[in-house]
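The values are calculated or read from the model by the stated rules, or taken from the named source; none is laboratory data. What you are looking at is a predicted structure, and each value in this text was computed from that prediction instead of being measured. Reconstructed Cβ throughout: ideal geometry from the backbone, glycine too, with neighbour counts over all protein chains shown. For the accessible areas, the whole protein counts, side chains as well, though only heavy atoms, and no ligand, DNA or RNA atoms are used. Shrake-Rupley method; radii C 1.70, N 1.55, O 1.52, S 1.80 Å.
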Amino acid sequence: MYSTRMSNLPPYLFARIDEMKAEQQKKGVDIIDLGVGDPDLPTPPHIVDALCTAAHNPDNHHYPSYAGMPAYRQAVAGWYHKRFGVTLDASKEALALMGSKDGITHIGEAFVNPGDYVLAPSPGYPGYSTGTLFAEGKVHEMPLLRENNFLPVLDKIPEKVVRSAKLMFINYPNNPTAAIAPLSFYREVVDFAADHHIVVVSDNPYSEVAFDGYRAPSFLEAKGAMEVGIEMHSLSKTYNMTGWRIGMAVGNAEILSGLGRVKTNVDSGVFNAVQYAAIAALSGPQDCVKEACAIYQERRDVLIAGLRELGFDVPAPKATFYVWMPVKDCMSFAAKLLNGAGIVVTPGVGFGSAGEGYVRFAITRPVERIQEAIERMRRLDL
């Protein structure tokens, strides 16, 4: 019944986790879900109000623009300039997305021919690999190792892979490792991509979820980045809008044009009312972002302290709402937490082969639930 392409498509990691969680819930287990990175905080009221106002306007009930309303793209350009100092031509260098996953999984169809390589971090967001499979390309995993600060070592990529590589995904602040990247790394990526004619896709949805005064850079801040790549961003994590499906791709106009051509054939754009809400988010007060980060930082500190008391060697992340913890066997550890304590964490191998030996905690639950999780873990033989 299915295409041969489907046989190469792995089960989506988080869907399988949901199934395992449901099995325990049927048994009456009180689940503490520290698995999927879905913020539990509500979308700020002024953003919701903007949606409601726009949704009541019948002018917004028709098909939207494929590329996004000019006003939304202007808001994106304004936010990028204010936040990163990056100047964008909103008419050519900004594109609306139905969340960054939309762009990540579709861009390969614009640039990858069957058999071409895509360079993707391992561990990394599963969409990098699945999008490549849909484009019938081949994934080359770039290992993110602790000894390299979870940055890929570009000169270790085999020459034959580099010669046939069309795309490179990078992602900092990183999911799942929570690693951060200096601007010097982005300069290295720019040089590498320019030398080998590779399109760079920087996936940057966690830049605003940062702690201890850290401010993440944009890939586009690096000199020459606009010539070789684009950056995808999302309002999902910054403004607690995961279910709204709104994001953006910005950068090189020619690359965006290719992605845009694919999208005009597979979707009809983002509902205008959601775009108006996104304008309110990007152009309005940013106190809500600071408040959310303060909540996540408190949760991070509680989780890190508890895990260290249990004897685990785990660093405190500077960004994202993830904690990446080394363990002996990630699948066994995750299963023990779920079956023995009703705690959901994500096994690192689900993000790629280099994720073996780690589990990911998402600090998307209240402090009280995190404390309860630590107490349950104390009762296990870990």
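Name the helices (complete DSSP H segments) of the chain with a Cα length along the long axis of 27 Å or more and a Kyte-Doolittle mean of at least -1.0, or state none. Working shown, then result.
Working: long enough: 287-309 (33 Å, -0.20).
What comes out of the filter, once short or polar helices are dropped, is 287-309.
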| SER184 accessible area, 1.4 Å probe, all protein chains in place, Å² to nearest 10 | 70 Å²
| task | Could you pull out every one of the lysines with an alpha carbon less than 16 Å from that of LYS160, ignoring same-chain neighbours closer than 8 positions? | result | LYS138
| note | Any residue on another chain or 5+ positions along whose placed amide H is under 5 Å from the amide H of ILE32 is listed here as ILE343, VAL344
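In debye, nearest 20: dipole of the range 1-116 around its Cα centre with unit charges on the Cβ of K, R (+) and D, E (-)? Can you show the working numbers first?
Numbers: 10 positive and 14 negative charges, 29 e Å.
Once rounded to the nearest 20, the dipole reads 140 debye.
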| remark: Residues meeting the amide H criterion for LEU167 (H placed from the backbone, H to H distance under 5 Å, 5 or more places apart or on another chain) are LEU119, VAL199
| remark: In the chain, taking the dipole from +1 charges on Lys and Arg beta carbons and -1 charges on Asp and Glu beta carbons about the Cα centre, the listed residue (ALA94, ASN240, ALA55) farthest towards the positive end is ASN240
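Semi-axes, largest first, in whole Å: what does sqrt of 5 times each Cα gyration tensor eigenvalue give for the range 149-229? Walk me through the intermediate numbers first.
Details: eigenvalues 108, 37, 21 Å².
Largest first, the range 149-229 gives 23, 14, 10 Å.
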| message | Taking the Cα centre as origin and putting +1 on Lys and Arg beta-carbons and -1 on Asp and Glu beta-carbons, what dipole magnitude results for the range 104-252, to the nearest 20 debye? | response | 180 debye
| remark: Given pairs LYS101/LYS318; LYS156/LYS223; LYS82/LYS328 and cut-off 32 Å on Cα-Cα distance, the over-length ones are LYS82/LYS328
| task | Measure out, as a whole number of angstrom, how far apart the alpha-carbon centroids of the range 304-382 and the range 166-186 sit. | result | 22 Å
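Report the charge-dipole magnitude of the chain in Debye, nearest 20, computed about the Cα centre from +1 at each Lys and Arg Cβ and -1 at each Asp and Glu Cβ.
On the way: 36 positive and 42 negative charges, 67 e Å.
Computed about the Cα centre, the dipole is about 320 debye.
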| message | What aspartates and glutamates does LYS336 reach when the alpha-carbon gap must be under 18 Å and sequence neighbours fewer than 8 apart in one chain are set aside? | response | ASP18, GLU19, GLU23, ASP30, ASP33, GLU356, GLU372, GLU375, ASP381
| request: Could you estimate the translational diffusion coefficient of the range 254-381 from the Stokes-Einstein equation, with Rh from the Kirkwood formula over C-alpha pairs, at 4 °C and 1.567 mPa s, in whole µm²/s? | output: 74 µm²/s
| query | Which far-off residues, 5 or more places away or on another chain, put their amide H under 5 Å from the one on VAL314, with H placed in the peptide plane? | reply | none
| What does the convex hull of the Cα atoms come to per residue for the chain, in Å³? | 150 Å³
| Classify the range 129-277: rounded, prolate or oblate, from the alpha-carbon gyration tensor (a ≥ b ≥ c, eigenvalue square roots; a/c under 1.5 rounded; otherwise prolate if a/b is larger than b/c)? | oblate
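With every protein chain left in place, what is the accessible area per residue of the chain in square angstrom, probe 1.4 Å? Before the final figure, lay out each step's value.
Values: 16570 Å² over 382 residues.
In whole numbers, the chain has 43 Å² accessible per residue.
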| field | Helix-only [θ]222 nm of the chain, DSSP H runs n ≥ 4, -39500 (n - 2.57) each, per residue, nearest 500 | value | -12500 deg cm²/dmol
| message | Give me the percent relative contact order of the range 183-273, please, defined on Cα pairs under 8 angstrom at least 6 residues apart. | response | 25 percent
| query | When the accessible area of the chain is split by element with a 1.4 Å probe, what percent falls to carbon and sulfur? | reply | 52 percent
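Loop only per DSSP, at most 16 neighbouring Cβ atoms within 10 Å: give me the chymotrypsin sites (Phe, Trp or Tyr not before Pro) in the range 262-338, ordered by residue number.
Details: sites: PHE271, TYR276, TYR296, PHE312, PHE321, TYR322, TRP324, PHE333; in loops: PHE271, PHE312, PHE321.
In loop regions of the range 262-338 (DSSP not H, G, I, E or B), the sparsely surrounded chymotrypsin sites (Phe, Trp or Tyr not before Pro) are PHE312.
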| said: Could you report the accessible area of ARG215 in Å², rounded to 10, computed with a 1.4 Å probe on the protein chains as they sit in the structure? | reply: 150 Å²
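How about the range 125-197: which trypsin sites (Lys or Arg not before Pro) there are in a DSSP loop, with at most 11 other Cβ atoms within 10 Å of their Cβ? Don't skip to the end; give the middle numbers.
Details: sites: LYS138, ARG146, LYS156, LYS160, ARG163, LYS166, ARG187; in loops: none.
Sparse-neighbourhood loop trypsin sites (Lys or Arg not before Pro): none present.
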